[in-house]
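The values are calculated or read from the model by the stated rules, or taken from the named source; none is laboratory data. Everything numeric in this text was worked out from a predicted model, so none of it was measured. With ideal geometry, Cβ positions are generated from the backbone for all residues, glycine too; neighbour counts draw on all protein chains shown.
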Amino acid sequence: MSYIQTINEELTPNVDKELNKTVIDLFAGCGGLSLGFESEGFRTIGYEMIEDAVATYNKNLIGECFQEKLTTETSYPEADIIIGGPPCQPFSVGGKQMGLKDSRDGFPIFISAVEQVQPEVFLFENVRGMLYKNKWYLIEVIEKLESLGYQISYDLLNAKHYSVPQNRERVIVIGSKEGINFPKKSRKYIAAGEALGELATQYDDDSKFLTPSMDKYIAKYEKASSCINPRDLHLNRPARTLTCRNLAGSTGDMHRVRLPDGRRRRLTYREAARLQSFPDWFEFVGGETSVFNQIGNAVAPYFAKALAREIKSYFTHQSNGKEYKFKTTDNQLKLFNEPSSTY
């Protein structure tokens, strides 16, 4: 079975009545994280402020997403799990570094939701920088959540290790009453070409080809950035990280496919969705830029499924009266140092 056939089937929303667990997804976007959880049988309730993303969520998932700008005063229904990707733009090294006192940040909202709902489990994801230049803030967040009675585990995970055809690193933090393991890594990477299949060599009148001036700009960009390998999509390995900027914008770093005749074209939104592990049946609402932004901001659903499966195992062992063995990781005891090389 092909990769796209696999995710089309395995990422099908369903409700496991025997599991009977509800998830609140904060800053839900178009529902990538919720899709992973629904495919494991969890019920979801989403909260998101962007209209197109809310419409996409409600078009594809069983759970309902509410269009709402969250605050620390927002009220939530009862739930067993809280998940989300809180925005944390204010926390650059050069900023005021006000931590949890900064009202522009999403973490006070996430923490207030945990305080109010008191779920059995919570999970949040964020960019790798939270383990390095912003690690002071991650410590502050973890200490606050630990004070609420949770065991915290965290790690820097790469979606390519969980059958996503993309090199996408994210900090994952899980809190629970008794501790939860991280999912085991897959032994096989999914290459971009395996995910795209015949789409990689197709084009039509609507395809957006790079112009000669764009080719020159990209060559200049790659030379200035000491790029060893061209930034074209390499079909024999996982793709580079997809972002809103390199999908929706005409930049030197944009994602593009080189066709057999040598011409290069920009990725279509469906190709970008496949590289994020969205099934082909998943329909996006909005214009091209909006859709690219929804894809770039999303948690890869197949990666989310791996996390949801581990949380489901935690609840299943509890209900069966079996002991769930929690393995302590080094990252629970120390924060990372900045690596000497980047990906």
*Among (1) touching a residue at least 60 places away in the same chain (Cβ under 8 Å); (2) in contact with a strand residue (DSSP E or B) (Cβ under 9 Å, 6 or more places away or on another chain); (3) of a type in the set (Val, Ile, Thr), the one test that Ile139 misses*: (2)
*Name the pairs: first residue in region 48-72 and in contact (Cβ under 8 Å) with a residue 60 or more places away in the chain, second residue among the aliphatic types (A, V, I, L, M), Cβ to Cβ under 7 Å, at least 6 apart or on different chains?*
Asp52/Val285; Ala55/Val285; Thr56/Val285; Lys59/Val285
*Is it fair to say Thr268 is under 19 Å from the mean Cα position of the chain (by Cα), hydroxyl-bearing (Ser, Thr, Tyr) and modelled with pLDDT of 95 or more?*
no
*How many of the residues making up region 109-136 are at pLDDT below 95, under 20 Å from the mean Cα position of the chain (by Cα), part of a helix (DSSP H, G or I) and not aliphatic (A, V, I, L, M)?*
3
*Which of the helices (runs of 4 or more DSSP H) contained wholly in region 143-256 include at least 1 residues that are more than 25 Å from the chain's Cα centre (by Cα) and among the acidic types (Asp, Glu)?*
212-224
*Please indicate, with yes or no, whether at least one residue in region 149-172 is out of contact with any Lys or Arg (no Cβ under 6 Å at 6 or more places or on another chain), in the same structural domain as Phe315 (by TED's automatic domain parsing) and on the phi > 0 side of the Ramachandran plot.*
yes
*Hey, does region 127-139 have a residue that's in the same structural domain as Tyr76 (by TED's automatic domain parsing), in contact with a Pro (Cβ under 9 Å, 6 or more places away or on another chain) and either among the charged types (D, E, K, R) or surrounded by 20 or more Cβ atoms within 10 Å (Cβ to Cβ) (or both)?*
no
*Considering only region 173-228, how many residues are farther than 30 Å from Ala308 by Cα and surrounded by 12 or more Cβ atoms within 10 Å (Cβ to Cβ)?*
16
*Residue under evaluation Ala159, criteria (1) at pLDDT 95 or above; (2) of a type in the set (Gly, Ala, Ser); (3) within 20 Å of Val117 (Cβ to Cβ), criterion not met*: (3)
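Results for (1) touching a strand residue (DSSP E or B) at 6+ places or on another chain (Cβ under 6 Å); (2) within 30 Å of Ile142 (Cβ to Cβ); (3) at pLDDT 95 or above, shown as yes or no for each residue.
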position	(1), (2), (3)
Val173	yes, yes, yes
Asn181	no, yes, no
Gly197	no, no, yes
Lys223	no, no, no
*From the residues in region 40-77 that are more than 24 Å from Phe284 (Cβ to Cβ) and touching a strand residue (DSSP E or B) at 6+ places or on another chain (Cβ under 7 Å), which one is surrounded by the most Cβ atoms within 10 Å (Cβ to Cβ)?*
Tyr76
